[in-house]
């Protein structure tokens, strides 16, 4: 038995990390936090040298495997009673007598399995403005020159789609909507509402998670209000995409389901750069460059910026 566990789920880039930090801080020494992060160097609050991804990969079989990356091609495991028992044992050893908090966006795809592995688990589903998720995902693509697998909820359906960065990000949003079916064990919260949560919301979250300290406004001090973001790069990419209708339809599903606007035309083009933000590689400079060169492919834009061409 692993009673009173909490699973933080949601699309990558939606704010699951900061929400998990708040829960772990509120639970203090009575809780154990495990996440999917491998690099703990910049996350001192993650005290366990354990990776939740690895636990799933070692206990479940998968329909296809990427031997080069050493990970499943999709994150939808082949379910079996033996695999569930093995994962349950892993979590029991990890938590001991403490409450377990699991933060892993890929668990959004595996909520039915977690319900049987963690008895009475409570799911805290985190959502975020879909345009900010899309912008963050595209920025990651531009920074690396390739699409980051970490920003995706990898399903069989997604793997069959064209390898378009915007379409894959939008498909991840659609998958989240499908996963967040109404259930008594799921509490959906918008990360924007947590920067200065109302008394009612704090009380609801404290009641749902059984972490009473969440009633205190100070518990949410880690969550910052959304910072200014420029969307010109994203808007230009949408305009030029041959898959625009498919992308916008998926984003609209997420926006409608969780109370956000699906009107991308009114998004601000640029934002004032923050102090200490990167210089040549900043999103603002990429946005300006792309606006001046609308006919260039995204990869060409990124390569020219790296060379310092104006």
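Between residue 240 and residue 161, what FRET efficiency follows from the Cβ-Cβ distance if R0 is 22 Å, with the result rounded to 0.05?
Numbers: r = 18 Å, r/R0 = 0.82.
E between residue 240 and residue 161, to the nearest 0.05, is 0.75.
Stretched out fully, how many nm does the piece from residue 192 to residue 217 gain, at 0.36 nm a residue minus the Cα gap? Intermediate results must be reported in sequence, preceding the final value.
Numbers: separation 25, 0.36 × 25 = 9.00 nm, distance 1.48 nm.
Once the chain is fully extended between residue 192 and residue 217, it gains 7.5 nm.
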Describe numerically, in nm with one decimal, the distance between label points set 7 Å from Cα along Cα→Cβ at residue 89 and at residue 116. 1.8
Tell me, in nm to one decimal, what length is gained between residue 71 and residue 98 on full extension, where the rule is 0.36 nm per residue of separation less the Cα-Cα distance? 6.8 nm
At R0 = 41 Å, FRET efficiency that the Cβ-Cβ distance of residue 249 and residue 80 yields, to 0.05: 0.70
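Every number here is computed from the coordinates shown, using simple stated rules; none is lab data. Note that the coordinates shown come from a computational prediction; the quantities given were computed from them, not determined experimentally. In this analysis, Cβ positions are derived from the backbone assuming ideal geometry, glycine residues included, and neighbour counts consider all displayed protein chains.
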